[in-house]
Structures are given as C-alpha cells and as structure tokens.
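Taken together, the values in this text are just the output of simple stated rules run on the coordinates, not laboratory data. Values in this document were obtained by computation on a predicted structure and should not be read as measured data. All Cβ positions, even for glycine, are placed from backbone atoms using ideal geometry, and neighbour counts span all protein chains on display.
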Amino acid sequence: MIDIKAIKSELEMVSDLEQLDAFFQKYLGKKWSITEGFKQMGSASPEERKALGQKLTEAKDQVTEAYEAKEMELSREKINQLLNADLVDISLDTQPLDQGSYSVLAKVRREIEEVYKSLGFIIDYGHEIVTKYENFESVNIPLTHPATEMHDTIYLNDLDPKGLPLILRTHNSAHQVQDMMKYGVPLKLGSPGRVYRFESMDASHDVMFRYAEGIVIDKNLSIANFKDTMQKILSWILGKKTEIRMRPGYFPFVEPGFEIDAACPICDGKGCNLCKNVWRIELLGAGMVHPEVIKNAGLDPAEWSGFAWGIGVSRLAAIRYGIKDIRYFTNGDLRFSKSFA
Ligand code: PHE
C-alpha cells in the first residue's frame, strides 16, 4: 500500500530546501498520502485496523527520520554556501602595516645600558624636574658660584619646599647624592636620561639632549681604576678596543676632573673629517668624585672614594651614524627615523 522504498528514493532526488518542503507537503503534511492512509483506517475492521496502524506508524517514522536527515544535510549545505559566499581570506596579503621602531637615540641609550648592566651597574633614570639643591648645591655648585652659569637653566613656575623655583635638570649629576643615599655604598650606578639647557640651537646644540651618566663609589678607588673602567666601557660602546686620552677638565663636582677623548672610531687615529684630523673625539666629562659630594651623601670622604662620568648619548649617536646636525634626532622627520628602522 505504501512503498517506502519509492518514497525514500524520491527523497534522495531532493536537492534543495524548496523541493524538500514540497516533499513534506506531499507525504507528511495535512494532505499527505500517509495521513490519508490513517484516514482509511476508519473503514477497516478492528484487526485490520491494528495491523494497518502499525504499518502506517512505522512508515511514518521511517519517512520522517529520512526527511529529518535530509533536512539536516540540506541546511548544512545551505549554511556552508552562505559562509563560502561571505568568505574573507585572512591569509591574503594586505597593505603592510607601518611598524614602529626605536629611535636611534633610544638604540644607543639601550646599548649603553647593556654595557653598564653587564658590569653590574644599577640603572636609575632619576627624574627630569629637580630642585636647585639637587642640581647644583648637592654636587658642590653653590648657587652663587659662577659655575651655575655653565648651565643655562630652564626654570618652572612651581616652587620647591624651600620656596625656590623647580628646574629641569641640566645634568644627570643632579642625582648623584640622592642615589648614594637611596642605594647605599659601595655603588655602581648608571643614570641615562634627558637633560635640558637653555641654549641657542644649532647643529651641535639643542635645548634638550641625552646623557648617560655613570658613578662608582667604593673604598680606595684610584684614577687607574677609573681609566680602566672608562677604557672598557668606551671600547664596548664603540665596538672595538679603543685607546682613550684623559685631559684635565673642570667640573665642580669632581677633583681632579677630566675630559676624555677616544681614538676616532672611523679612522682609528689616521685622520678624517669626523675627528677633523686630530685623531681623537671628545666623548665625556668625568672625574674623581669631589669629597664635598661624598660628604653631602652623609659619607666620610676619608673612607669612600669614587669616580663619575657623563657620556653624551646624542653626540655618540651623531658620531656613530655620521649625523651632521643633532636637531634631526628630534624634529620628527619620518624619513630620518625610518632610515634607522
Ligand atoms: N655633568 C657633567 C656635564 O654636565 C658631566 C660629568 C658627569 C662630569 C660626571 C663629571 C662627572 O657635562
């Protein structure tokens, strides 16, 4: 009476959801032939009715099951079709993103920090706003001393607890005393960071430039220890064993004070444009820490000694990369920055 095989093979031919709906109407909806079968049961005898009922129920279950499987299959296909139509290929190349990179100055600073750290130095950046005491008096520059004139200072409107205007540090030495007190002695400390001076700007002067100061405090330190340390640090920074020369120099916070020159890293002392044929380039101000500075940190200068130096990071970067005008470092010209990326 009901040919389930035929119905199922008809279902097999169904290839989309619309046809499936038509199939549903035909066999399982209100007017379905299977439903019709049930209706006929009314005119059957009670025994026949039972057998017929079983057959019909079985048929209905089988067709419904096959129908549901088909529906699932077709819906999945439909969803996949929709997804495929909407597909975004995330593996496709797009416009390359602009990638940031460290500025040359940051690169050189980080290299110096690595050298410091490998020698066991603590790195402390300090802060850029300081008191006049920190910047001058703590490092043996009385406020009335003409040496304050060496640092054309930038003043802020805010006052320190003494009622004196706060200033932008003119050198990293402003932290020497504070750091000795903060970390205690013996001490090996590197202090890289920006310093500010009210200078008229030209190719080699800027109102802001970068220093990487270093200080060592210990017992019985001599100029020989100092020279050896400088030789090591500068050789590492310049990338080859470098002869250094120490000339007398004046800084109120060191005694004796030195200017340190390194053999020109470009011509190795043969003479070139960079060193202007004098074979050496001036790289640092330095010296043995002044007893007054040691005293200011609450230490006995008869017991403790030290040496300190300041490397000009901008200057070193300019020398290393042959940059003729240090204003390039900060003028924000991307063509400049990108050439070092
Ligand atoms: N602070 C000095 C300067 O401003 C550099 C320096 C640091 C000199 C430490 C001696 C010792 O140039």
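Brief remarks follow.
- Region 104-338: C-alpha gyration tensor shape, a/c 1.5 cut-off, then a/b vs b/c: oblate
- Flagged links, alpha-carbon separation over 25 Å, of Lys117/Lys219; Lys188/Lys270; Lys232/Lys295: Lys188/Lys270; Lys232/Lys295
- FRET efficiency, Lys324 to Leu83 (Cβ-Cβ, R0 41 Å, nearest 0.05): 0.10
- Angle in degrees between helix 17-27 and the longest Cα principal axis of the chain, rounded to the nearest 10: 30
- Theoretical FRET efficiency, 1/(1+(r/R0)^6), r = Cβ-Cβ of Met13 and Thr94, R0 45 Å, to 0.05: 0.50
- Difference of contour (0.36 nm per residue) and Cα-Cα distance, Ala341 to Ile129: 73.2 nm
- A crude spin-label estimate for the pair Ser222 and Tyr155, with each label 7 Å from Cα along the Cβ direction, gives 4.7 nm.
- Reachable lysines, given that their alpha-carbon falls under 29 Å from the alpha-carbon of Lys70 and they are not under 8 places away in the same chain: Lys5, Lys8, Lys26, Lys30, Lys31, Lys39, Lys55, Lys60, Lys78
- Applying a DSSP loop filter and a limit of 15 other Cβ atoms within 10 Å to the chymotrypsin sites (Phe, Trp or Tyr not before Pro) in region 196-271 leaves Phe198, Tyr250.
- Once you reduce region 137-205 and region 52-98 to the center of their Cα atoms, the two points are 74 Å from each other.
- A straight chain from Ser118 to Glu199 at 0.36 nm per residue would run longer than the Cα-Cα distance by 25.7 nm.
- In region 280-341, trypsin sites (Lys or Arg not before Pro) in a DSSP loop with at most 11 other beta-carbon atoms within 10 Å: Lys324
- The label point for Lys30 and the one for Glu243, both projected 7 Å from the Cα toward the Cβ, are 11.0 nm apart.
- Ellipticity estimate at 222 nm from DSSP helix runs (n ≥ 4, -39,500 (n - 2.57)) divided over the chain, nearest 500: -12000 deg cm²/dmol
- Helix 104-118 vs. the chain, principal-axis angle (Cα, 0 to 90°, nearest 10): 80
- Relative contact order [Cα under 8 Å, 6+ residues apart], the chain, whole percent: 14
- Val207/Tyr183 FRET efficiency (R0 35 Å; Cβ-Cβ; nearest 0.05): 0.70
- Region 1-25 and region 288-314: distance between their alpha carbon centers, rounded to Å: 97
- Taking other residues whose beta carbon is less than 10 angstrom from the beta carbon of Gln176, and scoring Lys, Arg as +1 and Asp, Glu as -1, yields -3.
- Label-point gap, in nm, between Asp21 and Lys270 - each point 7 angstrom along Cα→Cβ: 8.8
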